[in-house]
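Written below as structure tokens is the structure these notes are about.
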Amino acid sequence: MKKIILVFLVLCVSQGIAQKKKNGTIYLEHPAIDIVNDMLDAYIAGDHEKVASYLADDFRSYNGSGRNPDAKGRTKEWFVNSVKWMKDNLSYLSLEPSGAAYPDALEYKDGQVWVQTWNQFKGMHNKTGAKLNTPFHRMVKFNADNKITTIINYSNDRVWLEINLSDEVRTNGTLYNHHDNINSVRIMMNAFENNDLDKAYSFFHENARFNSLESPVGETWSLEQVKERNKQMIDTYDVNSIDVVGYPDALEYEIGGGGVTVQSWWNFRMTRKSDGKKFVLPAMYIHDFDDDGKIVRSNAYVSTKALDAK
């Protein structure tokens, strides 16, 4: 049995080695890499004539993430016109290597030469302000005359979709000035003003998360942590009144879905117990509600540094 196992293992190793077959060479430095780098520099600079000089007459550009198996690709004319469009419509363009990435030239045994690049493409659409920041991988094929015949692009199409969507006025839900969730926020704020804490906290889901203008990015607090923070505030200050500024808005979004968000503006009129100094503290809140009418997220835009004034 041991001999059988040993022979089997030897066969497996032999088969593994036999499966390797060299089909060309990968180059770190190659004239084709220089051509691609020069072409991409011209591409970013908006020099469409220089870009065109690198392309074969039968050139085709493909979206590597496309779903159409019968795609014919974009022509040389289309690709050159896209360079003109970018120059006229985009600002702050850059195309830098992604991290420690660098181009490779692949020279196959049959004579085909491909260059592959990994870059970060950045820019801004002039009309909409939509930001472009996406990884961009390209496969570039050459013919015998060192002209580019094919480019296969792999990038995140959503950044371009945002430009298309932002080019027209679109709605994203309904804005309410009277809503049950607005009523909940007002009752909750009145309960805080009157130190009716049990009622105030009853509007929050037990797993609600909180953050504020002063909290580190990504850090949130639990309901119990907020209760303790508020207790420290109540021990130090008297809340004379909490007055609404303007009126709250309730937003029911189409994108994302799930509950209604209320944004509201307030003036906290407070007195420091230690010396009787009075403060007016402006605050803006964004409260996200679930479908049961409970607050699941609270974002506070308020600077408590004003309370340190002498």
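Points worth noting:
- Identification of strands (runs of 3 or more DSSP E) wholly contained in region 111-164 with 2 or more residues that are without any contact (Cβ under 8 Å) to a residue 40 or more places away in the chain yields 113-125, 131-142.
- Residue within region 295-306 that is surrounded by 14 or more Cβ atoms within 10 Å (Cβ to Cβ) and small (Gly, Ala, Ser) present: yes
- Close pairs (6 angstrom Cβ cut-off, 6 or more residues apart or separate chains): aromatic (Phe, Trp, Tyr) in region 289-310, at pLDDT below 80 anywhere: Phe289/Gly259
- Out of Asp292, Asp288, sole residue that is crowded, with 17+ Cβ neighbours inside 10 Å and of a type in the set (Asp, Glu): Asp288
- Taken across region 196-212, residues that are among the hydrophobic types (A, V, I, L, M, F, W, C) and touching a Phe, Trp or Tyr at 6+ places or on another chain (Cβ under 7 Å) do occur, with at least one present.
- Among the residues making up region 77-108, those that are in contact with a helix residue (DSSP H, G or I) (Cβ under 7 Å, 6 or more places away or on another chain), surrounded by 15 or more Cβ atoms within 10 Å (Cβ to Cβ) and farther than 17 Å from Thr134 by Cα are Val80, Val83, Pro103, Ala105.
- Flag for Ile44 being in contact with a Pro (Cβ under 9 Å, 6 or more places away or on another chain) and modelled with pLDDT of 95 or more: no
- Considering region 198-228, and only residues there that are surrounded by fewer than 13 Cβ atoms within 10 Å (Cβ to Cβ) and part of a helix (DSSP H, G or I), the residue that is farthest from the chain's Cα centre (by Cα) turns out to be Asp198.
The values are calculated or read from the model by the stated rules, or taken from the named source; none is laboratory data. Note that the structure is predicted; figures quoted are calculated from it, not measured. In this analysis, Cβ positions are derived from the backbone assuming ideal geometry, glycine residues included, and neighbour counts consider all displayed protein chains.
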